[in-house]
Amino acid sequence: MPYLSSEKQLTFIKLAVLSMAAILSFATRLFSVLRFESVIHEFDPYFNYRTTRYLTEEGFYKFHNWFDDQAWYPLGRIIGGTIYPGLMVTSATLYNIMQFLNITIDIRNVCVFLAPFFSSLTTIVTYLLTKELKDEGAGLVAAAMIAIVPGYISRSVAGSYDNEGIAIFCMLLTYYFWIKAVNTGTILWATMTALAYFYMVSSWGGYVFLINLIPLHVLALMMLGRFSARVYVAYSTLYCVGTILSMQISFVGFQPVQSSEHMLALGTFGLCQLYAFAQYLRAHLSPANFELLFNTLVTTLLATLGTAVVVLTVTGKISPWTGRFYSLLDPSYAKNHIPIIASVSEHQPTSWSSFYFDLQVLVFLFPAGLYFCFSKLTDANIFIILYGVLSIYFAGVMVRLMLVLAPVMCIVSGVATSSLLSLHVKDIEPKVEKHDKKKKHENNLVFRSEVGALFVCVLGCLLTSYVFHCTWVTSEAYSSPSIVLSARSNDGSRIIFDDFREAYTWLKMNTPEDAKVMSWWDYGYQITAMANRTVIVDNNTWNNTHISRVGQAMASTEERAYEIMRELDVDYVLVIFGGLVGYSSDDINKFLWMVRIGGSTDRGAHIRESDYYTPAGEFRIDGDGSQTLLNCLMYKMSYYKFGQVYTEGGRPPGYDRVRAAEIGNKEFNLEVLEEAYTTDHWLVRIYKVKPLPNRGA
Amino acid sequence: MKFSLILGITTCFSVALADQETLVLVDNLNIRETHSQFFKSLQDRGYSLTIKLADDANLLLSKYGEYLYKNLIIFAPSVVEFGGQIDTEIITKFIDDGGNVLVAGNAASGDVYREIATECGFEMDEESAAVIDHFNYDILDDGDHTRIVVSPKNLINAPTIVGMHNTQPILFEGTGIILDKENSLVLPILTADSTAYSYNPKSQVKEYPHAVGKKTVLIAALQARNNARIIYSGSLFFFSDEAFNSPVAKVQGDKVKSDLSGNKALAVHLSEWAFGERGQLRVRRVHHHRQGEKESSNTYTITDTVVYKIEIEELKNGKWQPFEANDVQLEFVRIDPFIRTTLRNKGNGVYESIFKVPDVWGVYQFKVDYDRTGYTRLYHTTQVSVRPLQHTQYERFIPSAYPYYVSAFSMMIGVFLFSFVFLYYKEDTPKSKMRCVYIFKLSPQHSDIQDGSV
């Protein structure tokens, strides 16, 4: 670039790096689309997709008032009041804009590519945020890192159309505006923070983390004696505007002023006012008088507050701590008390290896970054330190929150990398100068230059390995749509198992429109979205009793299950069975959760987990297994006619390839069900519930 | 026009005919004579009877998937195995597809009978066992006390099945039946007296008899869930001319005497019921709508007032006519019934109920389950959604919230006024300087930008 001034060159390079990072973050998420097709992944995205379709077809008001009679039969679900509508509104808006511009894109494709698009935006916001914290160099490194960090990709590949996909963007945007607001102290930035916060609230329940982190930041500043008018203006504006805005989301409602999760924000707001008021008084009173007044006020206030909290909790105005929040603080809480929460795989505690798997080199750079943050403590740095430390803790508690950790890891690591590089590159670069002064400071300079070069090399290697690792993880672990499975055959070619869609299409084409399908709740969203049939329970696990009833049906004998199924007007039952192809997350492997959840309510008190184990305490499906297990509905539905099938060479018929055992109950007939459909690889089996016998029992 | 009329008439006729096609399976063609009165009563009512030997090798119930007969009468106790394509499985399938069956056996009836009985929820006593009653036998009894006299009081209380005026004692000679306790659909049409038992009259009673006292059912019936009807009589003699014409005189006890047995009346009634001439109900129309509206709706809002109408018809003399009753109930069900109410008879077979939908949202069913002995089971459900209020349906202003409205609006006005005060307040010190300083203090960045651009 000989024609550009060095300043312009710098701008150009920055722009180039940033836009490449943004494009890369979009491109790296497309593995699944290239490998399979443009489909929605997993379970929850199907619900989001269905609601988005409804929103675009019927308009916002119908969407807002939508009472869904296809889910949770016969209870139904008020969709408008029980979701975070941000995601659907975003994609519907994008869709409408494109339609307006005569770009005729299908709503499904909007949904599929929304998450990659928003991760591009996240990349840019990360750059801005890090720039605000440190400098542009750190911003660029952080942007490049977040573009490919697996911890974030895991939830934002193309087709993974979920709240988190846009929520991370909203969260970082809020942080960016917040840092801006704290740094400048203007109402404008604080209001922008509130707006970004509103967007965040409208799109993800994880906003609770945000509304606790910011007050914590304010408190920390207060304690460190850094509380200033800037922070006061920023926080007061954010809290007032943000809270009022957040209450407009009907799912959130009055929670911001009632539930204990939001009390920290409210308390900090009050404290801010008191603190500012105290400062004001101090300026106008003599120290002795102030002391007296201060002490009296503090005692009265504390007493009043304490009483108020106790009274409100007792009268139930402040809702008790919800289960999900308890499980954040005490990882064993959910497992001991609420099986429905513990059963979700993404609510499990994180193993240390998954930290490395999802973050790789960032794990090592993070402490270094923290060091650099501490070494130059500013208001913004305190925020990022708090964010980092807190999210590490929460990510350790729940796998799902790795997502919140990944951005801060990138930011802090970006700071670290940039600081280290600028420190050492400086040493290598002025080689000519060094040559001249070589004789004067021999030892020192030679040593520094070599170390600098070595260091840059090592860091370069680490970063390169990071890139390779991230791409490999994305390609291998996070790009399978889970609705279509693939496996390698013996000759290395890819085999595709499309059984799920096969089964859902069968349901759609061959069952009456008002047929009710019972399955374990995992598949509820997919059945309603793809087969367009009524389900008893789905992934929105809002009613424990109802799920428990289904669990009881699955865990009972046929006769008892028949009563439950008739009570719920069930026409078809759908089970997932992986024993033939070796698909391990099938219903038999989830069965113990059904037993636990089924037994967790009064009506399921007769279902005891211990009955399903062998006397030695093992969960076995072979001949040694417990008789209760071998005769329950789930077992019979999974293994109906499986006893005659040869699955693996050198094994007896009825050999289950997931459990690696020959099934224990082979010869049985179904009394109250009849097999309606079994897919190609037996992954999905559908049974029809027989009517009452014509000539009586 | 004329052609279509003729066509219509022929179709009606043929439909009517198809309903009357009846296959009669007999042991020997002699039964045609011994039971002529019964068969004649059927023929008089328009049934076309095809009488065949039970072991005829060409027996057929259906051809090319179409049933040739609507009704089946089996008067063949001594048959060991049916001929042609008929066996127990075919007969049960015939019932499951809606065919009506009338079976009469006697003490000698074989295993085929037992199999059919088991399929229908009855249990027939062992071979050669007969119902014996030493206190209620007829004077013409041959000494075994098996020709018993049964009081019409032992009939089931269901006029639709047995008719209104059964006053004559009934003659019975044959085997006893017991009912499957698990089966809720079977009906004991005629039970024996408490002194009766079922055993082989030729042998000494060594074990506890199969059926004793009132548990001994002489004639049983089953109305299947698809409304196919089955009458199962332990006695073929019951339908015979001999029983129809015979006088009755009890030897023991109250010594009831009658010139004529009640058999004929009862047998005719039973056949009328079994072949669907009586007790047939159907739902003609169901309509439900919000009160004050005409159109039906699939969705109601909580606490709506709903009008539910159902029109029920009964088959009388071959014609569908309005059904009159006062005990038809409606349930509004979401797993459990939230509302259960008796429908008002509005005349002309229309039943109506007006009620308020509960204040609980969900998917409900209007459920009419009219199950009366002898009548078709009337089961009709309509699924509707009950949704919560829409965002426009809530009250705008709630009286109890007035303090909040006042505080909100006063705050708004206050801020508005305050902004004027703030903007135009003049302090004593020289104003230009002061204002400058103020702005600079408030937003340092802003001033920087201004400096830069100027």
Which condition does B:Val368 not pass, out of (1) modelled with pLDDT of 90 or more; (2) more than 14 Å from chain A (Cβ to nearest Cβ); (3) at positive phi, if it passes all the others?
(3)
Exactly one condition in (1) away from every other protein chain (no Cβ under 14 Å); (2) among the basic types (Lys, Arg); (3) more than 25 Å from B:Ser240 (Cα to Cα) is not met by B:Lys40; state its number.
(3)
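Go over the candidates A:Thr299, A:Thr268 one by one and state the one that is in contact with a Leu (Cβ under 7 Å, 6 or more places away or on another chain) and modelled with pLDDT of 90 or more. Even if it seems obvious, please write down each step before you answer.
On the way: A:Thr299 fails: in contact with a Leu (Cβ under 7 Å, 6 or more places away or on another chain).
Just a single option satisfies the conditions, and that option is A:Thr268.
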Got a sec? Which of A:Tyr646, A:Tyr613, A:Tyr583, A:Tyr635 is aromatic (Phe, Trp, Tyr) and surrounded by 23 or more Cβ atoms within 10 Å (Cβ to Cβ)?
A:Tyr635
A:His681 fails exactly one of (1) surrounded by fewer than 21 Cβ atoms within 10 Å (Cβ to Cβ); (2) within 37 Å of the chain's Cα centre (by Cα); (3) outside any loop (DSSP other than H, G, I, E, B), namely (3)
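For the stretch A:37-87, which positions are part of a helix (DSSP H, G or I), without any contact (Cβ under 8 Å) to a residue 12 or more places away in the chain and within 8 Å of chain B (Cβ to nearest Cβ)?
Our first condition is that a residue be part of a helix (DSSP H, G or I); within the stretch A:37-87, this holds for A:44-58, A:60-64, A:86-87.
Subsequent filtering for residues that are without any contact (Cβ under 8 Å) to a residue 12 or more places away in the chain retains A:57-58, A:61-62.
The answer is A:Tyr61, and nothing else.
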Within the stretch A:175-195, restricting attention to residues that are within 14 Å of chain B (Cβ to nearest Cβ) and among the hydroxyl-bearing types (Ser, Thr, Tyr), which residue is surrounded by the most Cβ atoms within 10 Å (Cβ to Cβ)?
A:Thr186
Which ones in the stretch B:322-364 are within 14 Å of chain A (Cβ to nearest Cβ), crowded, with 17+ Cβ neighbours inside 10 Å and in contact with a Phe, Trp or Tyr (Cβ under 6 Å, 6 or more places away or on another chain)?
B:Phe332, B:Arg334, B:Phe338, B:Val357, B:Val363, B:Tyr364
Out of curiosity, is A:Val404 in contact (Cβ under 8 Å) with a residue 40 or more places away in the chain and among the β-branched types (Val, Ile, Thr)?
yes
Go through the stretch A:505-516 residue by residue and tally those that are under 18 Å from A:Asp538 (Cβ atoms), more than 14 Å from chain B (Cβ to nearest Cβ) and touching a Phe, Trp or Tyr at 6+ places or on another chain (Cβ under 9 Å).
2
Give the residues of the stretch B:124-158 that are crowded, with 17+ Cβ neighbours inside 10 Å, within 34 Å of the chain's Cα centre (by Cα) and acidic (Asp, Glu), sorted by residue number.
B:Asp125
Does B:Ile74 count as under 33 Å from the mean Cα position of the chain (by Cα), at pLDDT 85 or above and within 30 Å of B:Ser261 (Cβ to Cβ)?
yes
Answer residue from the stretch B:275-315, given it is of a type in the set (Gly, Ala, Ser) and crowded, with 18+ Cβ neighbours inside 10 Å and is farthest from B:Gln383 (Cα to Cα) among those:
B:Gly276
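Just wondering, is there one or more residues in the stretch B:312-320 that are acidic (Asp, Glu), more than 14 Å from chain A (Cβ to nearest Cβ), in a strand (DSSP E or B) and over 21 Å from B:Leu389 (Cα atoms)? If you could, list the steps in order and put the result at the bottom.
From the stretch B:312-320, those acidic (Asp, Glu) are B:313-314; that's our starting set.
Still in the list and also more than 14 Å from chain A (Cβ to nearest Cβ): B:313-314.
Within this subset, residues satisfying the condition of being in a strand (DSSP E or B) are B:313-314.
If we keep only those that are over 21 Å from B:Leu389 (Cα atoms) as well, we get B:313-314.
Checking the stretch B:312-320: at least one residue is acidic (Asp, Glu), more than 14 Å from chain A (Cβ to nearest Cβ), in a strand (DSSP E or B) and over 21 Å from B:Leu389 (Cα atoms).
Residue-by-condition table, conditions (1) in contact with a Ser or Thr (Cβ under 7 Å, 6 or more places away or on another chain); (2) at pLDDT 95 or above; (3) outside any helix (DSSP H, G or I); (4) under 24 Å from A:Leu15 (Cβ atoms):
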{"site": "A:Gly151", "(1), (2), (3), (4)": "no, no, no, no"}
{"site": "A:Ser160", "(1), (2), (3), (4)": "no, no, yes, no"}
{"site": "A:Gly165", "(1), (2), (3), (4)": "yes, no, no, no"}
{"site": "A:Phe177", "(1), (2), (3), (4)": "yes, yes, no, yes"}
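When only residues in the stretch B:220-235 that are among the polar types (S, T, N, Q) and over 15 Å from the mean Cα position of the chain (by Cα) count, which is nearest to the other protein chains (Cβ to nearest Cβ)?
Keep residues of the stretch B:220-235 that are among the polar types (S, T, N, Q), which gives B:223, B:226-227, B:233, B:235.
Narrowing the set further to residues that are over 15 Å from the mean Cα position of the chain (by Cα) leaves B:233, B:235.
On the way: B:Ser233: 18, B:Ser235: 22 Å.
Looking at the filtered set, the residue picked out is B:Ser233.
Does A:Tyr127 meet the test of being under 19 Å from A:Leu87 (Cβ atoms) and either surrounded by 24 or more Cβ atoms within 10 Å (Cβ to Cβ) or modelled with pLDDT of 90 or more (or both)? Before the answer, list the steps.
On the way: under 19 Å from A:Leu87 (Cβ atoms): no; either surrounded by 24 or more Cβ atoms within 10 Å (Cβ to Cβ) or modelled with pLDDT of 90 or more (or both): yes.
Spelling it out, it is not the case that A:Tyr127 is under 19 Å from A:Leu87 (Cβ atoms) and either surrounded by 24 or more Cβ atoms within 10 Å (Cβ to Cβ) or modelled with pLDDT of 90 or more (or both).
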Hey, any hits in the stretch A:246-257 for a residue that's of a type in the set (A, V, I, L, M), under 19 Å from A:Pro215 (Cα atoms) and modelled with pLDDT under 85?
no
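Residue-by-condition table, conditions (1) under 23 Å from A:Ala380 (Cα atoms); (2) of a type in the set (A, V, I, L, M, F, W, C); (3) touching a residue at least 60 places away in the same chain (Cβ under 8 Å):
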{"position": "A:Ile211", "(1), (2), (3)": "yes, yes, no"}
{"position": "A:Leu216", "(1), (2), (3)": "yes, yes, yes"}
{"position": "A:Ala220", "(1), (2), (3)": "yes, yes, yes"}
{"position": "A:Tyr232", "(1), (2), (3)": "yes, no, no"}
{"position": "A:Met247", "(1), (2), (3)": "no, yes, no"}
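Does the stretch A:94-102 contain any residue that is of a type outside the set (Phe, Trp, Tyr) and either within 14 Å of another protein chain (Cβ to nearest Cβ) or buried (at least 22 other Cβ atoms within 10 Å of the Cβ) (or both)? Break it down stepwise before answering.
Within the stretch A:94-102, the first condition is being of a type outside the set (Phe, Trp, Tyr), and the residues that meet it are A:94, A:96-99, A:101-102.
Right, trim to either within 14 Å of another protein chain (Cβ to nearest Cβ) or buried (at least 22 other Cβ atoms within 10 Å of the Cβ) (or both) and you get none.
There is no residue in the stretch A:94-102 that is of a type outside the set (Phe, Trp, Tyr) and either within 14 Å of another protein chain (Cβ to nearest Cβ) or buried (at least 22 other Cβ atoms within 10 Å of the Cβ) (or both).
So that you can scan it fast, the table gives a plain yes or no per residue for (1) more than 14 Å from chain A (Cβ to nearest Cβ); (2) more than 22 Å from the chain's Cα centre (by Cα); (3) among the β-branched types (Val, Ile, Thr); (4) closer than 22 Å to B:Trp273 by Cα:
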| position | (1), (2), (3), (4) |
| --- | --- |
| B:Glu89 | no, yes, no, no |
| B:Lys93 | no, no, no, yes |
| B:Ala104 | yes, yes, no, yes |
| B:Val112 | yes, yes, yes, no |
| B:Ala117 | no, no, no, yes |
| B:Cys120 | no, no, no, yes |
Six or more apart or on different chains, Cβ under 9 Å: which pairs go from a residue in the stretch B:240-260 that's assigned to a loop (DSSP other than H, G, I, E, B) to one that's surrounded by 15 or more Cβ atoms within 10 Å (Cβ to Cβ) and aromatic (Phe, Trp, Tyr)? Could you list them?
B:Ser240/B:Phe38; B:Val251/B:Phe135; B:Val251/B:Tyr137; B:Gln252/B:Phe135; B:Gln252/B:Tyr137; B:Gly253/B:Phe135; B:Leu260/B:Phe244
Verdict on A:Gly137 being under 17 Å from A:Ala21 (Cα atoms) and either in a helix (DSSP H, G or I) or within 14 Å of another protein chain (Cβ to nearest Cβ) (or both)
yes
Restricting attention to the stretch B:50-67, does a residue exist that is modelled with pLDDT of 90 or more, away from chain A (no Cβ under 14 Å) and crowded, with 21+ Cβ neighbours inside 10 Å?
no
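When you scan the stretch B:279-297, how many residues do you find that are more than 25 Å from the chain's Cα centre (by Cα) and not in a strand (DSSP E or B)? Please lay out each step first, then the result.
Within the stretch B:279-297, the first condition is being more than 25 Å from the chain's Cα centre (by Cα), and the residues that meet it are B:289-297.
Okay, now just the ones that are also not in a strand (DSSP E or B), so B:291-295, B:297.
Residues in the stretch B:279-297 being more than 25 Å from the chain's Cα centre (by Cα) and not in a strand (DSSP E or B): 6 in total.
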If a residue must be aromatic (Phe, Trp, Tyr) and either within 14 Å of chain A (Cβ to nearest Cβ) or under 17 Å from B:Arg225 (Cα atoms) (or both), how many such residues does the stretch B:158-194 contain?
0
Within the stretch B:298-311, restricting attention to residues that are assigned to a strand (DSSP E or B) and of a type in the set (Ser, Thr, Tyr), which residue is nearest to the chain's Cα centre (by Cα)?
B:Tyr308
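The values are calculated or read from the model by the stated rules, or taken from the named source; none is laboratory data. Quick caveat: nothing in here was measured; it's all calculated off a predicted structure. Cβ atoms come from the backbone with ideal geometry, glycine included; neighbour counts cover every protein chain shown.
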